[in-house]
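Read the structure below first, then the notes.
The values are calculated or read from the model by the stated rules, or taken from the named source; none is laboratory data. Computed from a predicted structure; not experimentally measured. Please note: Cβ atoms are built from the backbone with ideal geometry, for glycine as well, and neighbour counts cover all protein chains shown.
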Amino acid sequence: MGLMIYNSLSNKLEEFKPIQPNKVNMYVCGPTVYNYIHIGNARPIVFYDVLRNYLEFIGYEVTYASNVTDVDDKIINQALAEGKTEKEIASFYEKAYFDAVKLLGSSEPDLIPHATDYIPDMISFINELINKGYAYEVDGDVFFRVNKIADYGCLSNQVSEDLESGARISVNTKKENPLDFSLWKKTEVGIKWDSPFGSGRPGWHTECVVMNHKLFGDTLDIHGGGMDLKFPHHENEIAQSEALYHNHLAKYWMHVGRLEFEGQKMSKSLHNVILVKDLANTMNGMIMRMVLAFTPYRNNFSYSEQIFDFYKKTFEKWQRAYKQGLYELQLQELTPNEFCDTDIEKFKEYMNQDFNVQNVLMLIENIVKDLNVAIRTKNLAETAKKWLTLDKILAVMGVNLFVEKLNEEQLEVYKAWLNARALKDFEKADIYRNKLMDWKLI
Ligand SMILES: [Zn+2]
């Protein structure tokens, strides 16, 4: 059995079969850049990076796109509050976002479309929806006519009546139906563009569907995001795509669970937000990555300091074994070139089960144990195999243990230390040991 992933659209585990052979196109809804990100926002950054790595590991050529929403009410409000332009706000927080991406050990997406670069495409897209009767203009605003889509609610599994009673809370008298959503917003304040419907700016749901279609046409395999985006954002992307392209935009929809704080959503209004940049003052970003990478992606996850402590210890344990293995191989002048096949097969088996990362965690723990035994018993061939396997699996999970090979000078001191120890010359051994400790090598 190949890779099984849970498709949010069918609510089933499905075998992953990309639209084009050997190629995978994926699009993940990225940030609206008006603030620093919190640890909950970091979950998709880590999960989809692991997903990309894994797809590449099993032989696919992956194109990973993630957008930057650089026009939005929140950005406009932040710009007004700080007395800056929207562009200044957006570029400042975009940089902060990609600093966090790096800190968390994720690579940047291959494509980073910015909403403001696609405004003319969005305007003609909206025009086409109007021409085909899927959208209507009222006094400079344009709305999508939801009742034209027979299976509206297919992603979030809601029927129109339930959705309507929810939507009535915020009644917009301009709309034909409370569920209709905004494609073009007439705006008086902040950045705006001219259009046949008057000056304003596009709605968020339109931004993503237009960029998606522009980049991938009908070849989008995976559309991802956080669970909170399922409704209305993704539902509305699908509705627009059904209207003009008669498809569900992507073959597989994937959603990452929420991160909660004491049972509640992490949000600014609840004053329980833990920013990634603040957490980075107390721990290295790799600990955060491990916490997020080894949490099953669909589960909600509750923030707790104990979990971070657990992974801090785990990180140190893995780092010690990995480092000792590397130095041992260097001392013996051995370049590892063979994996432990059974471990690699197990890794694939677990990852293929919709990313059973908890089993992967146990597998890595066992490899680390085996590696320690191999080092202790001076089984060089086994040390090489286990070390290389550990190195590979950690690379796919994106866990960097920050260990480098010894340079010549360091290697000499390391050898001298081992020698002195073997000769029970403890005075000398201490001198070398201190030096190695100064270099943070042991
Ligand atoms: Zn989106």
- Query: Would the stretch 187-205 turn up any residue that is on the phi < 0 side of the Ramachandran plot, in contact with a Pro (Cβ under 8 Å, 6 or more places away or on another chain) and within 13 Å of the ligand (Cβ to nearest atom)?
  - Reply: yes
- Within the stretch 212-270, of all residues that are away from the ligand (no atom under 16 Å from the Cβ) and polar (S, T, N, Q), the one surrounded by the fewest Cβ atoms within 10 Å (Cβ to Cβ) is Ser269
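From the list Ile75, Ile39, Ile45, which residue is more than 12 Å from the chain's Cα centre (by Cα) and β-branched (Val, Ile, Thr)?
None of the others qualify; the one that does is Ile75.
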- Query: What tally of residues in the stretch 120-137 results from selecting those that are out of contact with any helix residue (DSSP H, G or I) (no Cβ under 9 Å at 6 or more places or on another chain) and surrounded by 15 or more Cβ atoms within 10 Å (Cβ to Cβ)?
  - Reply: 3
- Message: Quick check on my filter: what residues within the stretch 91-112 are within 16 Å of the ligand (Cβ to nearest atom) and in a helix (DSSP H, G or I)?
- Response: Glu94, Tyr97
- Give the residues of the stretch 394-442 that are under 30 Å from Pro44 (Cβ atoms) and aliphatic (A, V, I, L, M), sorted by residue number. Leu394, Ala395, Val396, Met397, Val399, Leu401, Val403
- Task: May I ask you to list the residues in the stretch 368-419 that are basic (Lys, Arg), touching a residue at least 40 places away in the same chain (Cβ under 8 Å) and surrounded by 13 or more Cβ atoms within 10 Å (Cβ to Cβ)?
- Result: Lys385, Lys386, Lys392, Lys415
- Query: Any idea which residue in the stretch 260-296 is modelled with the highest pLDDT, counting only those that are assigned to a loop (DSSP other than H, G, I, E, B) and small (Gly, Ala, Ser)?
  - Reply: Ala280
- Query: Within the set of pairs 6+ apart or on separate chains, which have a first residue in the stretch 7-27 that is of a type in the set (D, E, K, R), a second that is exposed (fewer than 15 other Cβ atoms within 10 Å of the Cβ), and C-beta atoms under 6 Å apart?
  - Reply: Glu15/Gly2; Lys23/Glu61
- Hey, could you check the stretch 198-218 for residues that are of a type outside the set (Lys, Arg) and assigned to a strand (DSSP E or B) and say which is farthest from Phe144 (Cα to Cα)? Gly200
- Task: Go through the residues of the stretch 155-168 one by one and say whether even a single one is assigned to a helix (DSSP H, G or I) and modelled with pLDDT of 95 or more.
- Result: no
- Query: Looking at Val62, Val50, Val71, Val46, which is the one that is assigned to a loop (DSSP other than H, G, I, E, B), assigned by TED's automatic domain parsing to the domain that holds Lys23 and either among the aliphatic types (A, V, I, L, M) or within 16 Å of the ligand (Cβ to nearest atom) (or both)?
  - Reply: Val71
- Item | Cross-chain or 6+ apart pairs with Cβ under 9 Å, the stretch 175-193 first and more than 21 Å from Ile149 (Cβ to Cβ), then of a type in the set (Phe, Trp, Tyr) | Lys186/Phe197
- Can you confirm whether the stretch 335-358 contains a residue that is of a type in the set (A, V, I, L, M), free of Cβ contacts under 8 Å to residues at least 24 places away in the same chain and surrounded by fewer than 20 Cβ atoms within 10 Å (Cβ to Cβ)? no
- Item | Residue list for the stretch 219-256, restricted to those being of a type in the set (A, V, I, L, M, F, W, C) and part of a helix (DSSP H, G or I) | Met227, Leu229, Phe231, Ile238, Ala239, Ala243, Leu244
